Amino acid sequence: MRRLLKNLFSRVVIFGLAILVQLIILILIIWHFSNYFAVFYGVFALISLVAVLIIVNSRGNPAYKIAWIIPIMLFPIFGGLFYLMFGGNKTSRKSKRKMELISQKTTEALGQNQDDLDQLDKETRERPTRPAIYTTIVTTRFILAPPAITCPPGK
């Protein structure tokens, strides 16, 4: 049951369903508005082009840009609209101020105690590090191990 749900909600299935829905909508639009389809397609292609230009000229992570440009170019009818509705950094000034206040309060509440830091530094200097312990164990095993008995080939 879990495997079925996992497969149903995988990215490939959701992406495939999105393509299928878009094709169905496209066919319905062509069927109902066949006289106006060229205008409709042209308007949405223009919206997608504007969205791509906005993405390319924005400052930001290139991976984020590519992640939006590919679907917009693959689905020019709705890709640009999706970006204009859901894409971009749309954090309001009020939300930004609220996040800065939360960050300041968190920094103050989680301030470092210098005595604790000094104690940790002292303990770190007194105790050997893990690689030193590991190499000590490995070298003592090789040194203290009995010599291997070898047989000449063919015997």
Hey, got the Cα dimensions of the stretch 56-107 along the principal axes, in Å, largest first? 45, 20, 17
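Express the relative contact order of the stretch 2-89 as a whole percentage, based on alpha carbon pairs under 8 Å and six or more residues apart in sequence. Don't jump to the answer; show the numbers that get you there.
On the way: 43 pairs, mean separation 22.7, N = 88.
Across the stretch 2-89, relative contact order equals 26 percent.
With 10 angstrom as the radius, rank Ile29, Ile24 by how many other C-beta atoms surround their C-beta, starting from the fewest. Walk me through the numbers before you get to the answer.
Values: Ile29 15, Ile24 10.
Sorted ascending by nearby Cβ count, the order is Ile24, Ile29.
Write down, largest first, the equivalent ellipsoid semi-axes of the stretch 4-91 in whole Å, where each equals the square root of 5 times an eigenvalue of the alpha-carbon gyration tensor. Mind dumping the intermediate values first?
Numbers: eigenvalues 114, 95, 15 Å².
Semi-axis lengths for the stretch 4-91 are 24, 22, 9 Å.
Readers should treat all values here as calculations from the given coordinates under stated rules, not as data from a laboratory. None of these values were measured; they are calculated from a predicted model. Virtual Cβ from ideal backbone geometry, glycine too; neighbours counted across all protein chains shown.
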